[in-house]
Amino acid sequence: MQSPTITQSKVDWDTAAASLSEPDAKPAETFAKLNVAARARFPGIADSSVPVLLPYDMVAARKETEPAPAPGDKFVRANFHASDFFKAGPAGYDAVFSLRAAEVGEFSDIGYVDPIYVLMSGLGFTYDLDGPALPEGEPVKELEADFPGIRRTLHESYVRYSFERYGVPYVAAIYCRDTRPRPKLLSCRQADKVAVRFLKALTLSGGAPATGQTAAPVAINRPAAESPDFSYFSPGFLIPGSGLKKELGGRPDYTVYTQLRFPLKEAPDFANSQSFNNWGDCDFTGRSWVGQRGGKRSAYSCKVNGRPLVFDESTNYAYPWRDNFCEHRNFYVGQCPGGEGHQGQDIRPSSCTLINDGADRCQPYEHDVVAVHDGMILRARKQEAVFLFINTANTHMRVRYMHMSPARLDADGIVSGKPVSEGDVIGKVGNFNGHERGTTYHLHFDMQVPTKIGWVFVNPYASLVTAYERLIGARGTEIKEGDAVPAAAVVPPVIEHPAIVPAGAAAPQIQTEESAPVKTVPVRAKAHKAHKAEKRKPRARRHRKRGRGADD
């Protein structure tokens, strides 16, 4: 396990203060005045370790001797609306703004009906990743005079405008699709127009001048005692044949990006695939059926690897863990081989509750999901995705939770601007994916860190392994290529109504990892053809829906 590598920003507070036409004032005094004027709308702005740029009319705000406690969007510029999410701290700041195209005359040609969200970040440090190189982007001539060196980059379904000012990297990002526009799909050409308007409205709005700030390395704390049960396959070792193409595997990243609390409240828990295990859909790469097609507990296999499966999700509860970051998906992930894959890690809770012995689906909402760190929630009502932003002296990160019930989250107040503490319950494991019972019973958890082009996905597996070790108080055993795989200890499902047992019901065949040396299994040559031949439209809709939750 290793700590991440970062580049510290060297903030020029003197230049920032001088830009406000107050040459005789000290930076601390100058920014203190800005913070007073802006703090009513952006609480905690004085905690930012970098100068804060926002589309905010500071001239008008500073004229008010006693700003109202909650002025709303009174001073927000260029038709943008400030969300309830603003998080500042030792690592910089993040803020989200929205705009409706119908409210702006010059955007009359944009038919996108939903709010367009902009994530603005000022970075006290950036992460240096050792995976595939980040795209360099392209210069933006229209903005070069105001933002020297600004570059536009399209990466992981976001158009990003990155620039440096006062020695600080800043990034404005909008989720979009590089395709033709639709009423429910924002094209990147449309997003460009909104981003340019946003950038032109930015003003210096606050911050906390300081000197000598240096982010300390992330500590990797692992228990000394060894667990007799917990084992895990090496990072990047996917279920054989479940990668994007036959020659592509996972991302063998041993980086522990920060010390997290495990996202499920109680152990045991099981990190594994939801697409290439029992009840999985093989991510639409094709299935071969044995016997009756699609019946309960019927046998089938994924065509790409011949993996024998059964239609019973209650069997997916066993060690060893398996990394499935970069597993076969059509989501853009720059750190994955081939640039596409699963954006995070699937996690099963401690057990499965069945209504009776004849059931093949787990009851949702039986296990608590908790905050992995102190931070702030970013989530609009009705959204499935829950983001938690972390901002400390050595960590700048946002993690995402998926498949909990949006209605339950709304009722519990898990919405933008809510501060949470590590270990707070924020929801329950579900199977929501566009609708109830839309996927298996599991939690999707992913992780993003800021780079020179903004937020990018990184493999959370090593961070989750060490978090789980702290939860159970013992170190796990890594299973490397060539090692023998220990016999799986399957957790039997809980039967809610044991008296209701259908006549002649047979126990399902449980598929587990074989107790044999780990080796790579070649994927059939026709796998890639099957991947292309599958109907991808449903997956595209899921991609767009999942992505749309990113910043709203």
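The values are calculated or read from the model by the stated rules, or taken from the named source; none is laboratory data. If you're wondering where the values come from, they're calculated on a predicted model, not measured in any experiment. With ideal geometry, Cβ positions are generated from the backbone for all residues, glycine too; neighbour counts draw on all protein chains shown.
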Being touching a residue at least 12 places away in the same chain (Cβ under 8 Å), of a type in the set (Lys, Arg) and within 24 Å of Ser314 (Cβ to Cβ) is true for just one of Lys480, Lys418, Lys428. Which residue is that?
Lys428
Evaluate the range 97-113: report whether one residue or more is buried (at least 23 other Cβ atoms within 10 Å of the Cβ) and under 21 Å from the mean Cα position of the chain (by Cα).
yes
Six or more apart or on different chains, Cβ under 9 Å: which pairs go from a residue in the range 331-355 that's small (Gly, Ala, Ser) to one that's part of a helix (DSSP H, G or I) and at pLDDT below 95? Could you list them?
Ser351/Ser314
Output the qualifying pairs, or none if there are none: Cβ atoms under 7 angstrom, residues six or more apart or on different chains, first residue in the range 153-165 and outside the structural domain of Asp446 (by TED's automatic domain parsing) and surrounded by fewer than 22 Cβ atoms within 10 Å (Cβ to Cβ), second residue part of a strand (DSSP E or B) and modelled with pLDDT under 95.
Ser157/Arg177
So Val168 clears everything in (1) crowded, with 18+ Cβ neighbours inside 10 Å; (2) under 24 Å from Ala60 (Cα atoms); (3) more than 23 Å from the chain's Cα centre (by Cα); (4) of a type outside the set (Ser, Thr, Tyr) except one condition, right? Which one?
(2)
If I filter the range 277-300 down to residues being more than 22 Å from Tyr441 (Cβ to Cβ) and not in a loop (DSSP other than H, G, I, E, B), which single residue comes out as modelled with the highest pLDDT?
Ser288
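Picking from Asn330, Asn356, which residue would you name as being under 23 Å from Asp253 (Cα atoms) and surrounded by fewer than 18 Cβ atoms within 10 Å (Cβ to Cβ)?
None of the others qualify; the one that does is Asn330.
This table checks each residue for (1) in the same structural domain as Gln343 (by TED's automatic domain parsing); (2) crowded, with 18+ Cβ neighbours inside 10 Å; (3) within 21 Å of His81 (Cα to Cα).
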| position | (1), (2), (3) |
| --- | --- |
| His373 | yes, yes, no |
| Met376 | yes, yes, yes |
| Arg379 | yes, yes, yes |
| Lys382 | yes, no, yes |
| Asn391 | yes, yes, no |
| Met397 | yes, yes, no |
| Tyr401 | yes, yes, no |
| Met404 | yes, yes, no |
| Ser421 | yes, no, no |
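Given Leu260, Leu244, Leu248, which one is under 24 Å from Ser3 (Cβ atoms), in the same structural domain as Arg400 (by TED's automatic domain parsing) and in contact with a helix residue (DSSP H, G or I) (Cβ under 8 Å, 6 or more places away or on another chain)?
Details: Leu244 fails: under 24 Å from Ser3 (Cβ atoms); Leu248 fails: under 24 Å from Ser3 (Cβ atoms).
Going through Leu260, Leu244, Leu248 in turn, the sole match is Leu260.
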Scan (1) out of contact with any helix residue (DSSP H, G or I) (no Cβ under 8 Å at 6 or more places or on another chain); (2) of a type outside the set (Val, Ile, Thr); (3) at pLDDT 95 or above; (4) over 30 Å from Val59 (Cβ atoms) for the single condition Gly212 breaks and write down its number.
(3)
Hey, any hits in the range 216-224 for a residue that's free of Cβ contacts under 8 Å to residues at least 40 places away in the same chain and crowded, with 16+ Cβ neighbours inside 10 Å?
no
